[in-house]
Amino acid sequence: MTMTSENDNATRGVLTGIRVLDLTGLAGQYTGRLLADLGADVVKVEPPGGDPVRFMPPFANDQPGPDRGLRWLAYNSNKSSVTLDIGTPAGRSQLLQMARGADVLIDSYEPGYLASMELSETALREANPRLITVSITPFGESGPYAGHRGTDLHAIAMSGLMTIQGDNEQPPAAAPMDQAYILACLHAAHGVFYALMARRRSGRGQHVEVSVQEVLANIFFQIIRYSATSEIGERIGTSGNLAPYNIFRCRDGWVSLAVLLPPQAAVFFDWVGEPALQDEFWLPLENRQGENMQFIDSLVAPFIEQFTVADFVCEAQARRLPAAPVNRPGDFADNPQFAERGYFEAVDHPEVGSYSLPGAPFRMSETPIAPPRRAPLISEAARDLPEQPVPAGADTDSGGSANHTTDSPALPLAGVRILDFTRIWAGPYCTRLLADYGAEVIKVESSLFDTGNRMGSMPYVADLNRNKLGVTLDLHKDEARDIARRIAAVSDLVIDNFALGVIDRFGLGYDELARVNPEIIQITMPGWGSVGPLRDHVAFGFNLVSVSGLSYTWGHAESEPNARCKFDYPDFLVASLTALAALAAIYHKAQTGRGQRIEVAQVEAVGNTMGMAFLDYSLNGRPGEPMGNSHPEHAPHGVYPARGHDAWCAVSCATDEEWRALVRAIGSPAWADDPRYATGTGRKENEASLNEALSQWTRGRTPRQIMHLLQRSGVAAAAVLTGEDLYWDPHLRERGYIHTLDHPDWGVVEQPGVTVRLSETPGGSRMPSAALGQHNDHVLRAILGLSETEVSRLKETGALT
């Protein structure tokens, strides 16, 4: 899609004029990259000798060097760099001086570290009352586990995600390619925008806190599912939860097929031609689960195996069935859709040479994201940067947003109205994130089509649609489309995740809406984008996880591809990137009064998070393979069996000191004296025998016993939690993470809270999900000003369902 703008300043990023100090390690550097891509002046603050991420493998051409680390190249483009030793008075003084002219400071140190360096929140706020500080930690800055050591491995272990996907005959597997950190970084970027929006009103900065555990525990409905049904998700191995909705073998590889809706099932079963599947009994979702699922799969698997991957995907897509190959990341990079859309951006590097980085995660018509510049060389890390005062008049309330009333004026997005046409998971999660922080979201449903979504086996509608108003419109009616246009005329943003072209066929595309509201922001979420050879392909999150290479690499090499990750993780990843696009556009509109058109091609959004893997493919020729829970340098680093049914604990040692602490904690067994384990290199080279020896010790203790014993000894360890464990987790409970709401369809249930904690303008769960049409009168009468006669007429015509 080509985006054009009549604005002479279109090349200016949304965050032009905003300076960010990035003190993060691996846990936070993608946040700074996102802000830099959006136009912020991001200064990477490095310790003497260089940021440790520079020295993390893999390296370009497998040649180590401070400017050749692929993570450094992927996560630090568009940034400048400065060297500071904040352990010295001079370094602290210089950081405070830089903070006086900065807007945002991001760190991923353990809680309390900056305060111990005389750089407390109070000291930073005294230096600059407008400063927004952001902290990204594994478990947050308060609660019983705040002081626990941990990485992405331990945060995802305690999020519940490990126990609901993957091979049930192998240890639970962590996310590959830094995805746990990346999702947390996205929500940290949300937090920056929330705080910037609040600062426009108050003139003050505030503290933004992000717990990786809480971000990950926010997805896949585990807490609300246990609360509502007492069900606990499990790893399903090669089976599925619905048929046919699985990864199937073809003649030359594997393919994902997502037959979800009854009309899709009718088309697919007709194609298969199996007489036993021609009855309408097999169309509803509830009849394609359990034992019936196994029966259906036994009939369709041989049919699919007749095809090559390419032929099956082609035939399925011709029938509008969501299907995609199970790729490796390198296969994904070679997708012809990317070439047609000019997705990859060339970068020249004086040492590495020319390489390509994935392009923007979304395309904005008014404020396009600039191409990436290479990450700073270690020789370019400046020793001093001049103080940059905040530009006069910047970031103040210009009255750009519509003047809407709100019951929560303190919330960052108070006064922002969103018309929400999204369905299933990705779109509704995006708009719920915005609603949690004060946006007035008007969700459009239809009692003709959406009743079945509400009382299935999992209360996802209740989880995804809290804090929203609910209206019911049949958009096939002229009168309903007119009401939608009238709502858009008094809204700031309209969003849909329909298949490509549907919103335009309803007469609700950007050009039509801009005629009734020239300041409108419209976001569309086509799976493959609006141009390119695959533009008409349909995809659910399940297909995105397979086509991207995430499914193939999320698991163990010993597992068949159909036993690795098969859940719809990209739905939540894309939702978070779409929320970032919405926040950027809302902030720009607040500053300028101008709306814009945004396309979130979901494959491109996922691809933006995979820069390191793409570089490993293009520079080193490695297309990507599953690594399980192993680390490229450290051992032990994995998930180990514990006492109990399917019980596990994540343990890692990054240094010799931590290894010695582990040995002491487990009683200094004789096997630990083996000279092969004396060094980090030796432990890594003998990882298999080390893991087996350590497992003999862990098997005798429960996951929490292992966690507490090792954490007290200074070793990173975390129990692998189930959905039930997550629900009762004392850390989340003490932090007030779990909220209670009385939903119309499910009654009183508990569900996860917000993903970003703001010190002055916190979001929260204010209102349960709406019943179908619950707010029809409010929207039609209070917002649009319709009369009783006009509302009655809408009901008579069927426009109001």
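The values are calculated or read from the model by the stated rules, or taken from the named source; none is laboratory data. This is a predicted model, so every value here is computed, not measured. In this analysis, Cβ positions are derived from the backbone assuming ideal geometry, glycine residues included, and neighbour counts consider all displayed protein chains. Surface accessibility is based on the protein's heavy atoms, side chains included, excluding ligands, DNA and RNA. Shrake-Rupley method; radii C 1.70, N 1.55, O 1.52, S 1.80 Å.
Of Ser256, Ser230, which residue is of a type in the set (Gly, Ala, Ser) and under 25 Å from the mean Cα position of the chain (by Cα)? Walk me through how you get there before you give the answer.
Working: Ser230 fails: under 25 Å from the mean Cα position of the chain (by Cα).
On inspection, the qualifying residue turns out to be Ser256.
In region 50-58, is there at least one residue being under 30 Å from Ile521 (Cβ atoms) and of a type outside the set (D, E, K, R)?
At the first step, the residues of region 50-58 found to be under 30 Å from Ile521 (Cβ atoms) are none.
Looking through region 50-58, none of the residues is under 30 Å from Ile521 (Cβ atoms) and of a type outside the set (D, E, K, R).
Consider Leu84 carefully, then state whether it is open to solvent by less than 20 Å² (accessible area, probe 1.4 Å), within 30 Å of Ala370 (Cα to Cα), without any contact (Cβ under 8 Å) to a residue 60 or more places away in the chain and out of contact with any Cys (no Cβ under 9 Å at 6 or more places or on another chain).
yes
Can you tell me which residue among Ser447, Ser457 is polar (S, T, N, Q), farther than 24 Å from Leu784 by Cα, at pLDDT below 95 and not in a strand (DSSP E or B)?
Ser457
Quick one: count up the residues across region 502-524 that are within 27 Å of the chain's Cα centre (by Cα) and under 19 Å from Ala590 (Cα atoms).
Total satisfying the criteria: 4.
Among (1) within 30 Å of the chain's Cα centre (by Cα); (2) farther than 22 Å from Gly240 by Cβ; (3) open to solvent by 20 Å² or more (accessible area, probe 1.4 Å); (4) not β-branched (Val, Ile, Thr), where does Gln337 come up short?
(3)
Among Pro172, Pro111, which is open to solvent by 30 Å² or more (accessible area, probe 1.4 Å), at negative phi and touching a Ser or Thr at 6+ places or on another chain (Cβ under 7 Å)?
Pro111
State whether the residues of region 186-197 include one that is assigned to a helix (DSSP H, G or I), among the β-branched types (Val, Ile, Thr), open to solvent by less than 10 Å² (accessible area, probe 1.4 Å) and under 27 Å from Ser630 (Cβ atoms).
no
Tell me yes or no: at least one residue of region 726-743 is charged (D, E, K, R), in contact with a Gly (Cβ under 6 Å, 6 or more places away or on another chain), modelled with pLDDT of 95 or more and open to solvent by 40 Å² or more (accessible area, probe 1.4 Å). Give the derivation first.
In the first step, residues of region 726-743 are kept if they are charged (D, E, K, R); the result is 729, 733-735, 742.
Now restrict to residues that are in contact with a Gly (Cβ under 6 Å, 6 or more places away or on another chain): 734-735.
Subset that is modelled with pLDDT of 95 or more: 734-735.
The next check asks that each one be open to solvent by 40 Å² or more (accessible area, probe 1.4 Å); those that pass are 734.
Within region 726-743, one or more residues are charged (D, E, K, R), in contact with a Gly (Cβ under 6 Å, 6 or more places away or on another chain), modelled with pLDDT of 95 or more and open to solvent by 40 Å² or more (accessible area, probe 1.4 Å).
Given the structure, is Pro57 at pLDDT 95 or above, in contact with an Asp or Glu (Cβ under 7 Å, 6 or more places away or on another chain), in a loop (DSSP other than H, G, I, E, B) and farther than 30 Å from Arg597 by Cα?
Values: at pLDDT 95 or above: yes; in contact with an Asp or Glu (Cβ under 7 Å, 6 or more places away or on another chain): yes; in a loop (DSSP other than H, G, I, E, B): yes; farther than 30 Å from Arg597 by Cα: yes.
Against the criterion (at pLDDT 95 or above, in contact with an Asp or Glu (Cβ under 7 Å, 6 or more places away or on another chain), in a loop (DSSP other than H, G, I, E, B) and farther than 30 Å from Arg597 by Cα), Pro57 qualifies.
For region 662-717: of the residues being without any contact (Cβ under 8 Å) to a residue 12 or more places away in the chain and open to solvent by less than 30 Å² (accessible area, probe 1.4 Å), which is farthest from Ile156 (Cα to Cα)?
Restricting to residues being without any contact (Cβ under 8 Å) to a residue 12 or more places away in the chain and open to solvent by less than 30 Å² (accessible area, probe 1.4 Å), the top hit is Gly682.
Of all residues in region 247-272, how many are of a type outside the set (A, V, I, L, M) and closer than 17 Å to Arg320 by Cα?
Selection size over region 247-272: 8.
Considering each residue of region 297-342, count those that are basic (Lys, Arg) and assigned to a helix (DSSP H, G or I), and give that number.
1
Tell me which residues, restricted to region 366-383, are under 15 Å from Asp37 (Cα atoms) and small (Gly, Ala, Ser).
Scanning region 366-383 gives Ala370, Ala375.
Step by step: first the residues of region 416-430, then only those that are open to solvent by 10 Å² or more (accessible area, probe 1.4 Å) and not charged (D, E, K, R), then the one that is nearest to Leu577 (Cα to Cα). Which residue is that?
Top of the filtered list is Trp425.
A quick yes/no check of all residues on (1) hydroxyl-bearing (Ser, Thr, Tyr); (2) over 29 Å from the mean Cα position of the chain (by Cα); (3) open to solvent by less than 10 Å² (accessible area, probe 1.4 Å):
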{"residue": "Lys44", "(1), (2), (3)": "no, no, yes"}
{"residue": "Gly49", "(1), (2), (3)": "no, yes, no"}
{"residue": "Ala60", "(1), (2), (3)": "no, no, yes"}
{"residue": "Asn76", "(1), (2), (3)": "no, no, yes"}
{"residue": "Leu95", "(1), (2), (3)": "no, yes, yes"}
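Could you tell me which residue of region 484-501 is nearest to Trp425 (Cα to Cα), considering only residues that are open to solvent by 10 Å² or more (accessible area, probe 1.4 Å) and within 22 Å of the chain's Cα centre (by Cα)?
This residue is Asn497.
Quick test of your reading of the structure: Glu519 fulfils all but one of (1) out of contact with any helix residue (DSSP H, G or I) (no Cβ under 6 Å at 6 or more places or on another chain); (2) in a loop (DSSP other than H, G, I, E, B); (3) within 23 Å of Ser576 (Cβ to Cβ); (4) not hydroxyl-bearing (Ser, Thr, Tyr). Name the failing condition by number.
(3)
Restricting region 567-595 to residues that are among the charged types (D, E, K, R) and closer than 23 Å to Arg200 by Cβ, which is most open to solvent (accessible area, probe 1.4 Å)?
Among residues in region 567-595 that are among the charged types (D, E, K, R) and closer than 23 Å to Arg200 by Cβ, the one most open to solvent (accessible area, probe 1.4 Å) is Arg594.
Could you list all residues from region 137-155 that are over 9 Å from Ala718 (Cβ atoms) and of a type in the set (A, V, I, L, M)?
Ala146
To keep it simple, each residue is scored yes or no on (1) within 20 Å of Ala539 (Cα to Cα); (2) at pLDDT 95 or above; (3) open to solvent by 80 Å² or more (accessible area, probe 1.4 Å).
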{"site": "Gly273", "(1), (2), (3)": "no, yes, no"}
{"site": "Ala276", "(1), (2), (3)": "no, yes, no"}
{"site": "Phe281", "(1), (2), (3)": "no, yes, yes"}
{"site": "Leu299", "(1), (2), (3)": "no, yes, no"}
{"site": "Pro302", "(1), (2), (3)": "no, yes, no"}
{"site": "Cys314", "(1), (2), (3)": "yes, yes, yes"}
{"site": "Arg320", "(1), (2), (3)": "yes, yes, yes"}
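What number of residues within region 118-129 satisfy the criterion of being open to solvent by less than 40 Å² (accessible area, probe 1.4 Å) and touching a residue at least 12 places away in the same chain (Cβ under 8 Å)?
5
Can you find a residue in region 18-25 that is farther than 18 Å from Arg373 by Cα, of a type in the set (S, T, N, Q) and assigned to a loop (DSSP other than H, G, I, E, B)?
Yes, some residue in region 18-25 is farther than 18 Å from Arg373 by Cα, of a type in the set (S, T, N, Q) and assigned to a loop (DSSP other than H, G, I, E, B).
Since Arg466 meets every condition but one in (1) out of contact with any Gly (no Cβ under 8 Å at 6 or more places or on another chain); (2) not in a loop (DSSP other than H, G, I, E, B), which condition does it not meet?
(2)
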